[in-house]
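Presented below is the structure to which this report refers.
Where a number appears in this text, it was derived from the coordinates with a stated rule and is not lab data. Everything numeric here is computed off the predicted structure, so don't read it as measured data. As a convention, Cβ positions derive from the backbone with ideal geometry for all residues, glycine included, and neighbour counts pool all protein chains shown.
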Amino acid sequence: MIAMMTSDRLNRFFDAWNAHDVETIVSYFTEDGAYFASIGPDDDGTAFRGTDELRRGVAAFLADYGDVSYTDLRVVVAGDRGYATWTFHGVDPDRGPITYQGVDIFEFEGDLIAVKDAYRKERSRPIGG
């Protein structure tokens, strides 16, 4: 029987982010897995593909935002897809402490993450205001 992603396992993935444990985070991905960060120069934000790039991207994210943590986590797993909503807390080097809400959309292969696609709410002037 092939192992499948579970809500408990996906929660542990976020525990690894909160622990700033790059190697454990990367171990949750397939070898050719992809992480699409919520910001960056391309339509995908910044794309990291494959183990070495995932390691580099996760380490850079954790370094860029200092004391990273995710709270208010809600995960849903439905077969080979899933999502997680969260509140992000970190320290932007230019703006100081930041908090925003977001969602990750996942694709799974067995109990591993094939794709983590991140989206977030960015504070700015109101639309129409």
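Some values worked out for this structure:
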item: Unit charges on C-beta of K, R, D, E only; dipole of the chain, Debye; result: 520
item: From phi via Karplus (6.51, -1.76, 1.60), per-residue ³J(HN,Hα) for region 16-22 in Hz, x at Gly/Pro; result: 5, 4, 5, 8, 6, 9, 4
item: Rounded FRET efficiency, nearest 0.05, which uses the C-beta distance separating residue 99 from residue 74 and R0 of 22 Å; result: 0.85
item: Leading residue at positive end of dipole, the chain (Cβ point charges), from 119, 100, 68; result: 100
item: Rounded if a/c under 1.5, otherwise prolate or oblate - region 1-61, Cα gyration tensor axes; result: prolate
item: Amide H partners (placed H, <5 Å) of residue 91, local residues excluded; result: 66, 67, 98
item: Kirkwood Rh and Cα Rg combined as Rg/Rh, the chain; result: 0.97
item: Debye intensity ratio in log₁₀ form over the Cα atoms of region 30-83, taken at each q of 0.13, 0.21, 0.22, 0.32 Å⁻¹; result: -0.41, -1.00, -1.05, -1.09
item: With Cα atoms, 0 to 90° folded angle of helix 51-64 axis to the chain main axis; result: 30
item: Counted charge near residue 2, where neighbours are those whose Cβ lies closer than 14 Å (Asp, Glu -1; Lys, Arg +1); result: -2
item: Rough spin-label spacing in nm, given labels placed 7 Å along Cα→Cβ, for residue 119 and residue 43; result: 1.5
item: Separation in nanometres of the label points that stand 7 Å from Cα toward Cβ, at residue 7 and residue 65; result: 2.4
